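Written below as structure tokens is the structure these notes are about.
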Amino acid sequence: MQNTPASTADTTPGPAEEPADIAETFTTGGWAFTPDVAAVFPEHVRASVPFYDAIQDLVAEASDWLLPDDGHLVDLGASTGTTAHRIATRHPARHLRVTLYDRERAMLDRAAETLAGVSTLHVDYRQADIRPPMSHDPADLTLALFTLQFLPLPDRVQVLRNARQAASPTGALIVAEKVRPPDSRWAEIAADASHDWKASHGITDTAIRAKARALRGVLQPYPEVALVQAVHDAGWCCPEVLFRWHSWLVLGAFASSTGL
């Protein structure tokens, strides 16, 4: 019998395959808002947070009432400046003052690019942790959109208290967070519904699992009642749920019950 020659196929490893989603580059519990995340953040957050654009539209619409001409918008955890841009686009005739806080310089650099062509905004970019006391001018509208959920509950109360002290008498607050349904049955439905929503918007199961692992111990969702109590404890009043889809919540409040 003739011997079969050994295979001469090239077994040299090829280049490593690029991850399909930025979340796949992080280890368990390692999620961070790195420059690489900032580079893809607008696309990533739209695919990761259900009804993200609808929430942005809701906030921009609320600014009709909450941000007068020469009003002051403060965004705690502004990321790439999407919200300020959405509000400015909605009110091209209003001249607004904007203070954008974010710990990551890469995020603020992206925000500066986003807002570069908006002549009606006077923007103050602040690379800072939002937990110490704030020194900006009194705010007509303070935003914390998907920001506080990365802080322990006592720190959230402190941030909200600092924001209340820096708000104008007629000031308003809008907070968006992922919350934890207290009943395990609703929690199961919420988790699966969110998974299905992300999958329907192009996120692979692998990427969804990778993001969940990366956020372990980093994202700290609390029940809705804890958020409402934190708002009260910080000195805001009249909290109202403006949007709710399973675990995703938008809450509004005012600096005082009378605006005085």
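Only the coordinates and a few stated rules stand behind these numbers; no lab work does. Predicted, not measured: the structure shown is a model, and the values here were computed from it. In this analysis, Cβ positions are derived from the backbone assuming ideal geometry, glycine residues included, and neighbour counts consider all displayed protein chains.
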For the chain, longest principal axis from Cα atoms; helix 224-233 axis from its Cα atoms; angle between them, nearest 10 degrees, is 40 degrees
Given Cβ charges of +1 for Lys and Arg and -1 for Asp and Glu, the option among VAL118, CYS238, ALA214 whose Cα lies farthest towards the positive end of the dipole of the range 30-254 is ALA214
Given Cβ charges of +1 for Lys and Arg and -1 for Asp and Glu, the option among GLN149, THR82, GLN229 whose Cα lies farthest towards the positive end of the dipole of the chain is GLN229
Here the range 153-158 yields Karplus 3J(HN,Hα) values (6.51, -1.76, 1.60; θ = phi - 60°; whole Hz; Gly and Pro given as x) of 4, x, 5, 4, 4, 5
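Using every Cα-Cα pair within the range 30-254, state what percent have a distance larger than 31 Å.
Values: 4195 of 25200 pairs.
Value for the range 30-254: 17 percent of Cα pairs lie more than 31 Å apart.
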Hydrodynamic radius by Kirkwood for the range 91-193, inverse mean 1/r across distinct Cα pairs, in Å, is 15.8 Å
Taking a ≥ b ≥ c as the square roots of the eigenvalues of the Cα gyration tensor, with a/c under 1.5 meaning rounded and otherwise prolate when a/b exceeds b/c and oblate if not, the range 211-256 is prolate
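So how strong a dipole does the chain carry about its Cα centre when Lys and Arg Cβ are +1 and Asp and Glu Cβ are -1, to the nearest 20 debye?
Working: 22 positive and 32 negative charges, 109 e Å.
With only Lys, Arg, Asp and Glu charged at Cβ, the dipole is about 520 debye.
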In degrees, nearest 10, the alpha-carbon axis of helix 35-48 is tilted away from the dominant principal axis of the alpha carbons of the chain by 80 degrees
Taking Cα atoms only, helix 105-115 is inclined relative to the longest principal axis of the chain by an angle, in degrees rounded to 10, of 70 degrees
Per the range 128-260, sqrt(5λ) over the Cα gyration tensor eigenvalues, sorted largest first, in Å, gives 30, 16, 13
